């Protein structure tokens, strides 16, 4: 993997910086309710929101050397359902300037679930961040009711550093308590970084 570049290649995936031409595909994935089962309020409803994500990632690449990737299946990972070159989502790291940390994330088309792609993306992102900005921690925020994502973070070696409720959390529509939130990191964090992450968990 060429981790010193904003692009990368894993065993089965091509990872390239999000480009404006990816906005439509990105919106298709991020507007699909199935990809937001654990956080319905996060679903995109306008393609402009996808364009904003692409632009934010481009700024991260320009300023910090990395950003979110457009994830496509490579020839090695292709099959009848997902031919080579198929856009299956995005993943990588985004820079949280207020906390001076990378935030790891990914969101994939349901057609790509259950194949281990999320772990490939997450592992590549952590490696790239360590190569490009070794002094910057990699963190990840996840809902505890999303065991698949929790498993990915633990599989790639991130450590749980906080679990709890976001300040001001309100009950769900059915009256149930909101799910707890977790923060993972690849190392210890400064108090300022931890405060920001908890406030934005």
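Extension gain, residue 32 to residue 81: 0.36 nm times the residue separation minus the Cα-Cα distance gives 15.8 nm. Here the spin labels are modelled as points 7 Å beyond Cα on the Cα-Cβ line, and at residue 177 and residue 45 they lie 3.0 nm apart. In this simple spin-label approximation, residue 135 and residue 111 carry label points 7 Å from Cα along the Cα→Cβ vector, and these lie 4.4 nm apart. Each principal axis of the Cα cloud of the chain was evaluated for its coordinate range; sorted largest first, these ranges are 45, 41, 32 Å.
By the count of neighbouring beta-carbon atoms within 10 Å, fewest first, 121, 156 end up ordered 156, 121. A protection proxy built from the mean count of other Cβ atoms within 10 Å ranks the segments 30-41, 183-194, most packed first, as 183-194, 30-41. The calculated pair-distance distribution of region 106-196 uses every alpha carbon pair, bins of 10 angstrom beginning at 0, and gives 14, 41, 33, 11, 1 percent.
We did not get these values from a lab; they are worked out from the coordinates using the rules stated. The structure displayed is predicted, hence computed values, not measured ones. A quick note on method: Cβ atoms are made from the backbone with ideal geometry, for glycine too, and the neighbour counts reach across all protein chains shown.
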